[in-house]
Each structure stands twice: as C-alpha cells, then as structure tokens.
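Since the structure comes first, as structure tokens, the remarks are kept for the end.
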Amino acid sequence: MTGPQLLSAYAGHWTGAGTGVTVILPPPGTVASGEVRGGAPATREFALLEPTRLVDRVDAVVLSDGSAFGLSAADGSPAFAAATAPEATAAPVGLANTTVAVVLTDARLSKNDCYLLAQSGHAGFARALHPAHSHFDGDAVVALATGEVTQGFDLELVRAAAAETVAAAIRDAAAQSSSSSGDSSEGR
C-alpha cells in the first residue's frame, strides 16, 4: 500500500468544498475503542468501539463531517445520502464545531485501555477548544493500538501524552486554518 505511514498504519486524506475525509488503515489485529461526546453525535458503527461490545479489532477508521454526505464516505454512496438526507437545524454561529481525532499508539493495549486513551484525547479537546463538547457538537476520538510494543510503557503516561498531543494538534490546525482564512482567532 502507498500513502503516508503512521507507525505501521497508513493514512489518506481528501479535502474539497469546505469538507474532507480522512482514512486510517491500521495493520491487521489492531485493537480500538472510542468515545463520542457532545449533544450532536453523527457516527456509523461507533457503538461497536465501546468496551462492552464484542468487536475489539478494526480494519479502518473513516473521519468525515457528520452530514449524511460525510457519513456516506464510508460506503461510497453520497448520491443515496443526497436523496434521503433530512434538513438539518443550523447551530448558532461559532458553536457548530465538531472535532474528530485519532490517537494511534504502537503499545499493546486492551479494548478498555483504548477506551481510556480515547477519553484522554477528549481531555485534549477540553484544553484546546472553548467550548468543547457543546450541545451542537459530535466530537469524537478513536484510539488505535497496534500492539507492536508489548512492555516498557506506562498506560498513564501514554494517556497524558495523548491529551497533550491532541491539544497541540487542534491548536496547530486552528492556527493553520486562521492563517489561510485571514482569521486571527484560535480554537472555537
């Protein structure tokens, strides 16, 4: 496979017309868990990432906006979504800022550990976004653990690093977005 490589996973991204889609392809056997916060979650099969669910391995993670078009990126049928998507209620200006993140580690973690790691990613949201997890958001973090490192790591340090890394990535993205749009505000 070709494309940017993150540890032993691959990533691809497309952006256009104010939206985009990112796909992460981890190696076979990657354990995952995640958590969605905020009052407007828009996900597909995300409930399977909960620690209480039977499925603990993932083949891919697709990140997109929460519209019917974005969610259909996972199945390649945006025409169907356009024909069936209900009209959405608009959020107040400045409050509809759903943020998504993937935290990828090479540590061997259980599904429950991945869930805790995803929660730490949300701590990064809270450090970088104001407000985070609003009623109009569907903020989501997916944690992936490839299992290549089996010892010599502390889960709490991995979680702390995830929170800091997610916060830094959000601030960096906001700065890049502001510089390209001429807006000098950071975060939300």
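The values are calculated or read from the model by the stated rules, or taken from the named source; none is laboratory data. Computed from a prediction, not measured in an experiment: that's the story for all the values here. Cβ placement follows ideal geometry from the backbone for every residue including glycine, while neighbour counts extend to all protein chains displayed.
I'd like to check something: does segment 19-32 contain any residue that is modelled with pLDDT under 85, buried (at least 16 other Cβ atoms within 10 Å of the Cβ), out of contact with any Ser or Thr (no Cβ under 7 Å at 6 or more places or on another chain) and not in a loop (DSSP other than H, G, I, E, B)? The answer is no; no qualifying residue exists. Filtering segment 92-114 down to residues that are at pLDDT 95 or above and hydroxyl-bearing (S, T, Y), which residue is farthest from the chain's Cα centre (by Cα)? Among residues in segment 92-114 that are at pLDDT 95 or above and hydroxyl-bearing (S, T, Y), the one farthest from the chain's Cα centre (by Cα) is S110.
Here the condition is being in contact with a Pro (Cβ under 6 Å, 6 or more places away or on another chain) and in contact (Cβ under 8 Å) with a residue 24 or more places away in the chain; of L129, L155, L116, L144, it holds for L144 alone. Taking the criterion of being farther than 22 Å from V61 by Cβ and modelled with pLDDT under 90, the residues of segment 131-173 that qualify are P131, S134, H135, F136.
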